[in-house]
1. Which residues, taken from region 198-255, are outside any loop (DSSP other than H, G, I, E, B), touching a His at 6+ places or on another chain (Cβ under 8 Å) and hydrophobic (A, V, I, L, M, F, W, C)?
2. I'd like the full set of residues that are surrounded by fewer than 16 Cβ atoms within 10 Å (Cβ to Cβ) and within 14 Å of the ligand (Cβ to nearest atom), limited to region 198-241.
3. Report, by residue number, each residue of region 132-146 that is within 20 Å of VAL209 (Cβ to Cβ) and open to solvent by less than 30 Å² (accessible area, probe 1.4 Å).
4. Can you name the residue in region 84-99 that is charged (D, E, K, R) and under 16 Å from the mean Cα position of the chain (by Cα) and is also nearest to the ligand (Cβ to nearest atom) among such residues?
5. Read through the list (1) over 21 Å from GLU99 (Cβ atoms); (2) modelled with pLDDT of 95 or more; (3) of a type in the set (D, E, K, R), then give the number of the only condition that ARG242 fails.
6. I need every pair where a residue in region 199-211 that is without any contact (Cβ under 8 Å) to a residue 12 or more places away in the chain has its Cβ under 7 Å from the Cβ of a residue that is crowded, with 18+ Cβ neighbours inside 10 Å, sequence separation at least 6 or different chains.
7. Can you tell me which residue among GLY8, GLY102 is under 23 Å from PHE153 (Cα atoms), among the small types (Gly, Ala, Ser) and within 16 Å of the ligand (Cβ to nearest atom)?
Amino acid sequence: MRQRLVAGNWKMYGSREQARALVTQICEGVGQIARVEMAICPPFVYLSEVAGFVKARGLSLGAQDVCERAEQEGAFTGEISALMLADVGCRYVIVGHSERRGFYAESDVCVADKMVAAQAAKLIPIVCVGERLEEREQGITEQVVMRQLNALFARTQGNTAWLDHVVIAYEPVWAIGTGKTATPEQAQHVHAFIRKLIAGYDRDRAAKVKVLYGGSVKASNAADLFSMPDIDGGLIGGASLRADEFLAIANAAQR
Ligand code: PGA
């Protein structure tokens, strides 16, 4: 009953020309993929460029980050508001990616603020959670994910309606860009934990919320990951920069 979603996070890669070529190739191949929603998250400066292509083919557009402030405009040099992202055609925005949490010191509170700011502009935030390698080795994966998720519930003060307009992405940091994928069983274990934790707040919504897996998903491992009951698709980094790989991953999500 949860529709699968496969989202490509292009990160800080490519030129305008490459963005146009990649989205063109992806759009050419989407014909066979009917039952999975596909989203593309290019760098901010290429959003408008990519928007026209994806809209025509029924794909969704997403951004990789958003300003956390409640104001949707103002004197905040360098920031991009959720309203602006909606204005250029975004449906999604990634928030709390581990590269933002790590390199730009985004706290759990900041991530929760971004989620709320996104929803206020009717965007669907894809909120990333996940443990670092040392945290997994210390056996505290569940505590870390719990802390990250509880911050979202704290920010929304017991009103769980936000769960209707959110996607959670479990991305073990040690699996991102490293070629080391979590095994389907490792991923499923944490996905089930996430759903159970959410069910503690709202059982009905927990059954409906999409939980994506991210971290070195490739065409060769996607089908096994997507066969797990609590994995509803993927957030794809490196492999989303190749049209054939990205399309094969989306195709694997159909089964
Ligand atoms: P990766 O990145 O697929 O290159 O590991 C995933 C992500 O950062 O979302």
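1. Kept after step one, since they are outside any loop (DSSP other than H, G, I, E, B), are these residues of region 198-255: 198-199, 203-208, 210-214, 219-226, 233-236, 238-241, 243-252.
The next check asks that each one be touching a His at 6+ places or on another chain (Cβ under 8 Å); those that pass are 211, 213.
Hit for region 198-255 is VAL211, nothing else.
2. Pass one, region 198-241, residues surrounded by fewer than 16 Cβ atoms within 10 Å (Cβ to Cβ): 199-200, 203-204, 207-208, 220, 224, 227, 229.
Selection gives SER220 alone.
3. Let us first name the residues in region 132-146 that are within 20 Å of VAL209 (Cβ to Cβ), namely 141-142, 144-146.
Listed by number, the residues that qualify are THR141, VAL144, VAL145.
4. The first filter runs over region 84-99 and keeps only residues charged (D, E, K, R), leaving 87, 91, 99.
Among the residues that remain, those that are also under 16 Å from the mean Cα position of the chain (by Cα) are: 91, 99.
On the way: ARG91: 17, GLU99: 7 Å.
Of everything passing the filter in region 84-99, GLU99 is nearest to the ligand (Cβ to nearest atom).
5. ARG242 satisfies every listed condition except (1).
6. Every condition considered, the pairs that remain are ALA199/ALA206.
7. Values: GLY8 fails: under 23 Å from PHE153 (Cα atoms).
Just a single option satisfies the conditions, and that option is GLY102.
Conditions (1) part of a loop (DSSP other than H, G, I, E, B); (2) touching a strand residue (DSSP E or B) at 6+ places or on another chain (Cβ under 8 Å), marked per residue:
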position	(1), (2)
ILE94	no, yes
ASP113	no, no
LYS122	yes, no
GLU142	no, no
LEU149	no, yes
TRP162	no, no
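The values are calculated or read from the model by the stated rules, or taken from the named source; none is laboratory data. Quantities reported herein were computed from a predicted structural model and do not represent experimental measurements. Backbone-built Cβ (ideal geometry, glycine too); neighbour counts: all protein chains shown. When the accessible area is computed, the model is the full protein with side chains, heavy atoms only, and any ligands, DNA or RNA have been set aside. Shrake-Rupley method; radii C 1.70, N 1.55, O 1.52, S 1.80 Å.
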